[in-house]
Amino acid sequence: MNRRFDSRLVRCILAASLAIFTSCSQDDSPTAAAHAHGELQVFPDTVEMGTIESSGTLELDFELRNPGLQTVEIGEVRYSCNCIVGGSPIDSSLGPEESQSFSITVDTSVLHGEFQRYVFLPWSAGGHQHQSKITLRGYAKSPTLRCEPRRVYLGRFEAELPVRVYRADHGRLSIDEVVCHGEGFSVTMTDQTLTSVVLMVRGGDETVAVDHAKIEVRTSNPSQTTLEIPVHFLDSVDHIASSSKDIYLGAVRAGELCEVSFQAPTASVTDPPQVHSDSQEKIELVTSRKSGHTWESQIRIGAGESGFEEAILELEEPQELIRIRFWLIAE
């Protein structure tokens with residue numbers, strides 16, 4: 001009796017052990033499925049930036065990894081706001097167990113108070129669409145040292161643009177050094193007083209494409225020793241932002257004829273764009289022609305005072321607004 005009972009007990013134990021082993025070897029968890037197909041992982045996926053000043057730029061580095069067994073196809077990177085002014089190129093595909101570095105540049109001058117911004121990376125693997133997200137969090141405080149305008153836009157010809165640097169508390173300003181990071185422009189100091197100074201930024205004969213160009217103002221102010229002013233080199237011909245609804249002309253003169261192009265929402269749109277009623281004194285639409293989804297237009301810049309301007313073209317049925325931004329140089 002005892003021998004039969006013992007043999008039955010042994011068989012039950014063996015059967016239970018086999019069932020447990022089989023279930024463990026067949027892992028149906030999402031992690032296992034992702035590794036079987038492919039997955040885009042971002043390190044880090046959240047950046048706690050802490051307290052920063054609303055001035056200058058910051059460069060953040062990330063690593064993209066694919067721990068899976070299939071290639072991951074990566075789509076176009078999207079940003080949640082214009083505070084992210086650029087990113088390093090990303091390969092369109094990432095093979096199994098491969099990785100690559102990725103960086104973005106954040107313009108902190110447009111951030112104020114508590115902020116939370118995102119970078120979206122769409123990707124696909126195994127016939128399925130996915131999206132990874134990077135979160136940027138922090139608090140941006142107003143800087144002691146400020147400038148107007150906060151950014152410099154240089155066009156495709158020689159031009160001098162004034163940038164006024166001053167202290168927000170109206171205290172005494174003492175500048176130790178002004179440094180240009182990049183090529184194709186120069187800076188001289190004029191109209192210096194006890195509380196402010198004007199920097200004359202001069203562009204070159206030709207537009208020079210330089211990433212992360214900036215002007216660094218170094219002072220002896222103990223609460224803030226540097227101020228960074230981003231410099232953008234923008235050609236007035238077909239320079240379209242990633243949204244394709246914001247066109248930047250750079251520095252242009254009153255009366256100048258500029259060429260712009262943009263994508264219509266559908267190929268069925270046949271009515272040419274019109275100047276928005278609020279923008280008729282800023283730009284004049286000279287000609288427009290359509291090729292497929294693309295409208296190519298010539299506009300003439302209106303007269304006005306020197307400074308940053310924004311004008312709007314609009315399409316009807318369906319309605320689309322195209323914002324045209326430029327730095328006007330008054331004659």
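Working from label points 7 Å from Cα in the Cα-to-Cβ sense, the Val42 to Val179 distance is 3.1 nm.
Pop the C-beta distance of Thr190 and Asn82 into the FRET formula with R0 = 30 Å and round what comes out to the nearest 0.05.
Approximately 0.50, to the nearest 0.05.
The local environment of Arg65, defined by Cβ-Cβ distances under 10 Å, has a net charge of -4 under the rule Lys, Arg +1 and Asp, Glu -1.
Remark: relative contact order (the range 285-331) = 31 percent; criterion is Cα-Cα distance under 8 angstrom and separation of 6 or more residues. Over all other residues within a Cβ to Cβ distance under 10 Å of Ser99, the charged ones net out to -2, with Lys and Arg as +1 and Asp and Glu as -1. How high is the relative contact order of the range 36-141, in percent, with contacts defined as C-alpha pairs under 8 Å that are six or more residues apart? Reported as a whole number, the value is 38 percent.
Values in this text are rule-based calculations from the coordinates and carry no lab data. On a predicted model such as this, the values are computed, not experimentally measured, just so you know. Cβ: placed from backbone, ideal geometry, glycine included. Neighbour counts: every protein chain shown.
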